[in-house]
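Okay, handing you the structure first.
The values are calculated or read from the model by the stated rules, or taken from the named source; none is laboratory data. Note that this is a predicted model, so its numbers are computed, not measured. All Cβ positions, even for glycine, are placed from backbone atoms using ideal geometry, and neighbour counts span all protein chains on display. Areas reflect the complete protein model, heavy atoms only, side chains present, ligands, DNA and RNA absent. Shrake-Rupley method; radii C 1.70, N 1.55, O 1.52, S 1.80 Å.
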Amino acid sequence: MKHGLKYTVDRRQFLRLSALAASGSIILACAPGQAPAGGDDMGMAEDGIVDVYVWPSIALVRPEGSDPGKYKEVQDYITEQLGIRPNGFVPPPGAAGRERLNLMLSSQTEQLDMFTGDWTQYKAAIMPITDLLEEYGQNILTAFPEATWSGMKDANGDIWGIPRLGLMGHTWNFTWFREDWINDLGLPFDSEQMTIDQLEGNMAAFQEANPDAVLVTNNLGSLEGCLLGAWSEYGRSRWYDESDGQIKPYQLQPGYEAFVTKMNEWWNNGWFHKEVFANMDFEEVLRSGNMGIHCGWYSRMTILGQRIFLEDVVPGMDFVFPLKMVGPMGLAGTNNANMTQGYMIPANSPVAKEVIQFVNWQYDPVRDNAVTAHYGIQGTDWDWVDESKEQVRRYDAEAGAAIYAGELYQGAGLAIETWSAPEDPLWGRHYDHIKKYVFDYSNGKMPVDFDVPYDGAAIAEQVPSMEDINRLNSEEVIKFITGVRPLTEFSDFVDSLYRAGLQDWIDAYTSQYVAAKGL
Amino acid sequence: MTEVLRILRKHGFYYLLFLPVAVYLIIFKYVPMIGIMIAFKDVTPFMSMGEIVTSSFIGFKHFVNFFNSFFFWDLMENTLMISIYKTLWSFPAPILLALLINEVHNTYFKRISQTISYLPHFFSMVIVAGLVYVVFGVQGGLVNHLVVLTGGEPQHYLGDPRWFRTILVGTTVWQTVGWGSILYLAAMAGLNPETYEAANIDGASKIQQVRHITLPGISHVIVILFIFRIGDLLDAGFEQILLLYSPSVYEVADIIDTYVYRAGLLNLKYSFASAVGLYKSILALLLLLAANKFAHFLGHQGIW
Amino acid sequence: MRIKATPMERLFYLGNYVFLIVVSLLFLIPFISVLSTSFISTAEWARRGNFVLIPEAPTLEAYQFLFGGSKGTVFNAYKITFFRTIVGTVLCLTFTGLGAYVLARRNLPGRTFMTLLVFIPMVFSGGLIPFYLVVDRLRLTNTVWIMITPFLVNPWWLLIMRNFLMTIPVELEEAALMDGANPLTVLLRVYLPLSMPALTTIGLFYAVWHWNGWFYAAVFNSNRDLYPIQVILRSILYLGDASYRGDLGIMFEPEMMPPAQTLKAAMIIVTTVPILLVYPFIQRYFVKGLLIGGVKG
């Protein structure tokens, strides 16, 4: 080995390296400082004002949160009114939001006094609020109909949360018809009631006029929610089988096979959009101008659709819906029984009373407070359009305005949501729709067990194969509809449900149903 | 005792250098491993750590539930097949790209094409999924556009079990090939140009040079990356599949991770998810050990 | 000196260029589409849909929305991202480099055990909650260090780095020691310069990891002033994405107006372009064989 080895660190490299190290330490020195953590000052602050910490109930007006100054302004305003200082969070995006929430609940390292979710899943971590509501929450109590509260009560009658969705009418899944095509072709339409036969006639006529015309839905569940009732007694609902005294899933209902057969017929007619059970881009299909019928979620039309209608992307395109669809077995739609979504208070919250007071303030029937928590300061961020207080004019939507994103709003739900609408062609249709139809349960079949307080956590425990059953139901039914699997195998499908553990499912639901109904 | 002292005197400097790494690993990797016990308990996401530690062990219930799942073998098959297909294509592709880029002598062209090649790495999966719809969509998708032009019927590729895995593999190659080639290019940079010059003078062909100089020279990177890839076989690409699949392709697309995601989504099954995670870890460990053994057998430095 | 290319080789080079150009277009066109979409108005997007290559009426509308007004959110997020990327990469490289250097020493007693210590976390982890509790106990939550301190070493990259270092001939070190250099000098003046290609590559990996990282910053933090730019990007990207919300999510989301594609596109450009510019700068560290400098002597 030669000894005349030259070390290859030349001066230039060395200088560069030290420069890097130096700049690193400079950056270190001006590191963003320790920000005050949410939970550092639990409960009472020095000024005698109580802090409460709430998790936002809905997607924020702006996902990245308020401008800091504006947020402070709203916070100060509410503190002044109430003597309680509310603090909000900006939830992380997507599924991470739920992850963050669960982490906060389990680690208990930061104070959290109210959050939303399915209360039956969180029962072990929350407190009953019956007495608190009685004492501090009269506005809240009177804002919801009694039927809605039943979804928040356990078997003992204790209330565990403030309702968010309540009992949802058939209003959410509607059958929408292409209005301009109906007019052009002189087809039948009645905004009160239409029959399945009329739907079929219209769709056939649409396709005759435009070979690319399609029928779309959001997913299998939406399609069932819209139409299943036409061929079955209970629609898309668990049902009580008198013959053996068991609660069963709707797939086992007489008539479900008839529904699937009919959908297969429609598929073979080429009515459905090919991607309808996959990753269909709703807006893209709408934009193509080929959508003839939409069976599904209302906001696809009132929000996504409205934007495209307003831009007049397809000249003249708009959609209308009948309140009721009927078929051989009566109403085609089913009301949604999902009603355990609510606002809950963690069991370890030191300020439960104050949270209820704060939320009660938002439920003030004068309506100003709810809009304040949602949009900011009255007069600068928003104002009522007129004295009826039905419409809100937002000023902060103007370009460049500082925005309050609604972190403190704990009122999203069927009560407050129906009070007022933004004065905005984009949102107007949406709020108008909610207001008109939200508490109308007469347009769809009522689930037989809508008032049974199922314990979701217990059911999950008793039915370890829940996901197997769910997957079979979606996967195989779609195969039947799209003709990948012949309908002659329908009974094999039912057998496979049992092999996957359906009896556990039936037993779990039946025992709770029987207990609740006192059978 | 004197032996220990002797070793410390001779190598103490290096142990000292390793100390920060060891401390880091123990605090942030090993201490949290007590969480593995969650797989053997019934833990809900809002139990405190104290409650988790003191709650009773329930044995292998969650493992048994998973093994008894109606779709267990389906999920295993899908996970492994998707992973193996991806490995077959996306493992060699970056090596090939690196070899080709390495043969470019125009510096600017080299830099530009290389920079462009890793652009897709910076797209998050939602964007990639959006692009996949643009390419394979039924109405107006680029591929179907071509199909219609050549007189065919538009196909729903993403909803077709025969095409779905191909799309997954293709997307993965597209997204990872450029970024993956960086390590190989770095390794090639360390090779001695004189060797190539000598080979040129000896009249060795391009192919011979690649085979006898370049590939052996970067084999240390190829081997270790291959071992890692084998250890990763049970991760078939959760987010990609979640964004692209649908019930019509569950039979070829539903993998362990997507199944657990759906099962846990509504029911907050933390213990179940931990049990499946631990099961995956143990399989990964076995795969890694086997791959490492194989590397030693071929005379390469493996993991140790 | 290069020897004159044979016709066969010429053909190969030509084919190579053509192939690379075609492949580059496959990578480039989607990016151009995103870039173009970021420069159109919401109205144009509503009309033309999700794949736009040439804007009809270019506008800065989306960028003005992101950066405009009194909101400092995007700028603040940039600050956080730059901080974590620069500081995080320097610290990661230091820790990883030292670890790899030690593990690369073939004659070090206990080397297998130390390698195992690095290897086991590659396979086993305790999950999110215990990790969070450790991090919280160390008072890292709600500080910028939450994105840096718990992620100093990526075991995979450490082992790759070690393999690189093991290709450096031991003779170089022996020679230096004979010349009277001490171990520290050997590390700084023999190994450090020789491992520049590997260091810059692994450094690039860490930098990009830090730049793209969002999950822990989002999930371990309640303080939105500490959100890096990727969290903002994802808030915008994933809003209105049904597959991430599950069945319950779509039940009732009156405010779920997905932002226009133009805004998403602008956000993608804002979050990718700065980090894209890094690579060409460090590329020169491995265009020429630095290793050779040492052995020639």
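Count, please, the residues in segment C:208-232 that happen to be assigned to a helix (DSSP H, G or I) and open to solvent by 10 Å² or more (accessible area, probe 1.4 Å).
Taking segment C:208-232 and keeping what is assigned to a helix (DSSP H, G or I), we get C:208-212, C:215-219, C:224-226, C:229-232.
When the remaining residues are screened for being open to solvent by 10 Å² or more (accessible area, probe 1.4 Å), the result is C:209, C:212, C:215-216, C:224-225, C:230.
Of the residues in that region, 7 qualify.
Follow-up question, since we're still on this one. Just to confirm my filter: which helices (runs of 4 or more DSSP H) fall fully inside segment A:408-518 and include at least 3 residues that are acidic (Asp, Glu) and modelled with pLDDT of 80 or more? Working first, answer last.
On the way: elements: A:425-437, A:456-462, A:466-482, A:490-499, A:502-517.
Ranges flagged: A:466-482.
How many residues are in a helix (DSSP H, G or I), open to solvent by less than 30 Å² (accessible area, probe 1.4 Å) and either within 7 Å of chain B (Cβ to nearest Cβ) or of a type in the set (Ser, Thr, Tyr) (or both) when one looks only at segment C:98-116?
5
Residues of segment A:52-68 being outside any loop (DSSP other than H, G, I, E, B) and crowded, with 23+ Cβ neighbours inside 10 Å, which ones?
A:Val52, A:Tyr53, A:Val54
Let me ask another. For residues that are without any contact (Cβ under 8 Å) to a residue 60 or more places away in the chain and closer than 15 Å to C:Arg105 by Cα, scanning just segment C:178-191, find the one that is surrounded by the most Cβ atoms within 10 Å (Cβ to Cβ).
Filtering segment C:178-191 for residues without any contact (Cβ under 8 Å) to a residue 60 or more places away in the chain gives C:178-186, C:188-189.
After this cut, where a residue has to be closer than 15 Å to C:Arg105 by Cα as well, the list is C:183-184, C:186.
Values: C:Pro183: 15, C:Leu184: 10, C:Val186: 19.
The extreme case among them is C:Val186.
Only one of B:Ser90, B:Ser48 is under 30 Å from B:Gly217 (Cβ atoms) and either crowded, with 16+ Cβ neighbours inside 10 Å or hydrophobic (A, V, I, L, M, F, W, C) (or both); which?
Going through B:Ser90, B:Ser48 in turn, just one is under 30 Å from B:Gly217 (Cβ atoms) and either crowded, with 16+ Cβ neighbours inside 10 Å or hydrophobic (A, V, I, L, M, F, W, C) (or both): B:Ser90.
Restricting segment C:44-53 to residues that are in a helix (DSSP H, G or I) and surrounded by fewer than 18 Cβ atoms within 10 Å (Cβ to Cβ), which is farthest from the other protein chains (Cβ to nearest Cβ)?
So in segment C:44-53, the residues in a helix (DSSP H, G or I) come out as C:44-48.
If we keep only those that are surrounded by fewer than 18 Cβ atoms within 10 Å (Cβ to Cβ) as well, we get C:47-48.
On the way: C:Arg47: 5, C:Arg48: 9 Å.
Among residues in segment C:44-53 that are in a helix (DSSP H, G or I) and surrounded by fewer than 18 Cβ atoms within 10 Å (Cβ to Cβ), the one farthest from the other protein chains (Cβ to nearest Cβ) is C:Arg48.
Tell me, which residue of segment A:69-96 that is assigned to a helix (DSSP H, G or I) and open to solvent by less than 10 Å² (accessible area, probe 1.4 Å) is nearest to the other protein chains (Cβ to nearest Cβ)? I'd like the intermediate steps shown before the answer.
First, pick out the residues of segment A:69-96 that are assigned to a helix (DSSP H, G or I): A:69-82, A:96.
Next cut, open to solvent by less than 10 Å² (accessible area, probe 1.4 Å) only: A:74, A:78, A:96.
Values: A:Val74: 15, A:Ile78: 19, A:Ala96: 5 Å.
Applying the filter and picking the extreme gives A:Ala96.
Taking only pairs six or more apart or across chains, which ones have beta-carbon atoms under 8 Å, a first residue in segment C:128-145 that is away from chain B (no Cβ under 12 Å), and a second residue that is in a helix (DSSP H, G or I) and hydrophobic (A, V, I, L, M, F, W, C)?
C:Thr141/C:Val135; C:Asn142/C:Leu226; C:Thr143/C:Leu226; C:Val144/C:Ile80; C:Val144/C:Phe83; C:Val144/C:Leu226
Does B:Tyr250 qualify as being part of a helix (DSSP H, G or I), open to solvent by less than 30 Å² (accessible area, probe 1.4 Å) and closer than 30 Å to A:Ala278 by Cα? Let's see the steps before the verdict.
Details: part of a helix (DSSP H, G or I): yes; open to solvent by less than 30 Å² (accessible area, probe 1.4 Å): yes; closer than 30 Å to A:Ala278 by Cα: yes.
Yes: the conditions hold for B:Tyr250.
Residue-by-condition table, conditions (1) aliphatic (A, V, I, L, M); (2) within 30 Å of B:Phe46 (Cβ to Cβ); (3) outside the structural domain of C:Asn223 (by TED's automatic domain parsing):
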position: C:Ala100; (1), (2), (3): yes, no, no
position: C:Leu103; (1), (2), (3): yes, no, no
position: C:Phe113; (1), (2), (3): no, no, no
position: C:Leu128; (1), (2), (3): yes, yes, no
position: C:Thr149; (1), (2), (3): no, yes, no
position: C:Gly180; (1), (2), (3): no, no, no
position: C:Leu188; (1), (2), (3): yes, no, no
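Kindly evaluate B:Met37 against the criterion of being in contact (Cβ under 8 Å) with a residue 12 or more places away in the chain, more than 13 Å from C:Leu117 (Cα to Cα), in contact with a helix residue (DSSP H, G or I) (Cβ under 9 Å, 6 or more places away or on another chain) and open to solvent by 30 Å² or more (accessible area, probe 1.4 Å). Outline the logic, then answer.
Working: in contact (Cβ under 8 Å) with a residue 12 or more places away in the chain: yes; more than 13 Å from C:Leu117 (Cα to Cα): yes; in contact with a helix residue (DSSP H, G or I) (Cβ under 9 Å, 6 or more places away or on another chain): yes; open to solvent by 30 Å² or more (accessible area, probe 1.4 Å): yes.
So B:Met37 passes the test.
Another question about this same structure. Of the conditions (1) away from chain C (no Cβ under 14 Å); (2) open to solvent by less than 60 Å² (accessible area, probe 1.4 Å); (3) touching a residue at least 12 places away in the same chain (Cβ under 8 Å); (4) not aromatic (Phe, Trp, Tyr), A:Glu423 fails just one. Which one is it?
Just one mismatch for A:Glu423, condition (2).
Also: Can you tell which of C:Leu133, C:Leu158 is crowded, with 21+ Cβ neighbours inside 10 Å and under 16 Å from B:Ala187 (Cα atoms)? Show your work before the answer.
Details: C:Leu133 fails: under 16 Å from B:Ala187 (Cα atoms).
None of the others qualify; the one that does is C:Leu158.
Determine which member of the set C:Thr81, C:Thr94 is of a type in the set (S, T, N, Q) and crowded, with 20+ Cβ neighbours inside 10 Å. I'd like the intermediate steps shown before the answer.
On the way: C:Thr94 fails: crowded, with 20+ Cβ neighbours inside 10 Å.
None of the other options fit; the residue is C:Thr81.
Identify, from the list B:Leu142, B:Leu131, B:Leu100, the residue that is touching a helix residue (DSSP H, G or I) at 6+ places or on another chain (Cβ under 7 Å), surrounded by 19 or more Cβ atoms within 10 Å (Cβ to Cβ) and at the interface with chain C (Cβ under 9 Å from one of its Cβ atoms).
Details: B:Leu142 fails: surrounded by 19 or more Cβ atoms within 10 Å (Cβ to Cβ); B:Leu100 fails: surrounded by 19 or more Cβ atoms within 10 Å (Cβ to Cβ).
Just a single option satisfies the conditions, and that option is B:Leu131.
Follow-up question, since we're still on this one. Run down B:Leu185, B:Leu215, B:Leu225, B:Leu233 and say which single residue is assigned to a helix (DSSP H, G or I), closer than 30 Å to B:Val132 by Cβ, at pLDDT 90 or above and of a type outside the set (S, T, N, Q). So that I can check it myself, show each step before the final result.
Working: B:Leu185 fails: at pLDDT 90 or above; B:Leu215 fails: closer than 30 Å to B:Val132 by Cβ; B:Leu233 fails: assigned to a helix (DSSP H, G or I).
B:Leu225 is the lone residue from the list that is assigned to a helix (DSSP H, G or I), closer than 30 Å to B:Val132 by Cβ, at pLDDT 90 or above and of a type outside the set (S, T, N, Q).
Tally the residues that are of a type in the set (D, E, K, R), in contact (Cβ under 8 Å) with a residue 12 or more places away in the chain and surrounded by fewer than 20 Cβ atoms within 10 Å (Cβ to Cβ), restricting the search to segment A:458-494.
We begin by selecting, within segment A:458-494, every residue of a type in the set (D, E, K, R); these are A:461, A:467-468, A:471, A:475-476, A:479, A:485, A:489, A:492.
Still in the running and in contact (Cβ under 8 Å) with a residue 12 or more places away in the chain: A:468, A:476.
Cutting the leftovers down to surrounded by fewer than 20 Cβ atoms within 10 Å (Cβ to Cβ) gives us none.
Here the count works out to 0.
Give all pairs with beta carbons closer than 9 Å in which a residue from segment C:162-177 that is more than 20 Å from B:Val21 (Cβ to Cβ) and assigned by TED's automatic domain parsing to the domain that holds C:Ser195 meets a residue that is among the hydroxyl-bearing types (Ser, Thr, Tyr) and surrounded by fewer than 17 Cβ atoms within 10 Å (Cβ to Cβ); count only pairs at least 6 apart in sequence or on separate chains.
C:Ala176/C:Thr185
In this structure, does A:Met280 turn out to be over 22 Å from A:Arg236 (Cα atoms), of a type in the set (A, V, I, L, M, F, W, C) and at pLDDT below 95? Before the answer, list the steps.
Values: over 22 Å from A:Arg236 (Cα atoms): yes; of a type in the set (A, V, I, L, M, F, W, C): yes; at pLDDT below 95: yes.
Taking the combined requirement at face value, the residue satisfies it.
Looking at this structure, is C:Tyr238 at pLDDT 85 or above and hydroxyl-bearing (Ser, Thr, Tyr)?
No.
Moving on to the next point. Whether any residue in segment B:49-60 is at the interface with another protein chain (Cβ under 9 Å from one of its Cβ atoms) and among the hydroxyl-bearing types (Ser, Thr, Tyr) is what I want to check.
no
Given the conditions (1) within 10 Å of chain C (Cβ to nearest Cβ); (2) open to solvent by less than 20 Å² (accessible area, probe 1.4 Å); (3) over 27 Å from A:Val371 (Cβ atoms), which single one is not true for A:Leu105?
Here A:Leu105 clears every test but (1).
Exactly one of these conditions fails for B:Phe272: (1) closer than 29 Å to C:Ile160 by Cα; (2) part of a helix (DSSP H, G or I). Give me its number.
For B:Phe272, the exception is condition (1).
Count, please, the residues in segment B:173-225 that happen to be open to solvent by 20 Å² or more (accessible area, probe 1.4 Å), β-branched (Val, Ile, Thr) and either touching a residue at least 60 places away in the same chain (Cβ under 8 Å) or within 23 Å of B:Gln114 (Cα to Cα) (or both).
Residues flagged as open to solvent by 20 Å² or more (accessible area, probe 1.4 Å), β-branched (Val, Ile, Thr) and either touching a residue at least 60 places away in the same chain (Cβ under 8 Å) or within 23 Å of B:Gln114 (Cα to Cα) (or both) within segment B:173-225 amount to 7.
Oh, and also: With within 26 Å of B:Glu239 (Cβ to Cβ) and under 30 Å from the mean Cα position of the chain (by Cα) as the only criterion, which of B:Phe40, B:Phe60, B:Phe66 stands out? Spell out how you get there, then give the answer.
Working: B:Phe40 fails: within 26 Å of B:Glu239 (Cβ to Cβ); B:Phe60 fails: within 26 Å of B:Glu239 (Cβ to Cβ).
Matching residue, one of B:Phe40, B:Phe60, B:Phe66: B:Phe66.
A further question follows. Can you find, within segment B:157-168, the residue that is most open to solvent (accessible area, probe 1.4 Å) among those that are within 13 Å of chain A (Cβ to nearest Cβ) and touching a residue at least 40 places away in the same chain (Cβ under 8 Å)? I'd like the intermediate steps shown before the answer.
Here is the first cut: in segment B:157-168, the ones within 13 Å of chain A (Cβ to nearest Cβ) are B:157-164, B:167.
Keeping just the survivors that are touching a residue at least 40 places away in the same chain (Cβ under 8 Å) gives B:158-161, B:164, B:167.
On the way: B:Leu158: 3, B:Gly159: 15, B:Asp160: 19, B:Pro161: 46, B:Phe164: 1, B:Ile167: 11 Å².
If we take residues in segment B:157-168 being within 13 Å of chain A (Cβ to nearest Cβ) and touching a residue at least 40 places away in the same chain (Cβ under 8 Å), then B:Pro161 is most open to solvent (accessible area, probe 1.4 Å).
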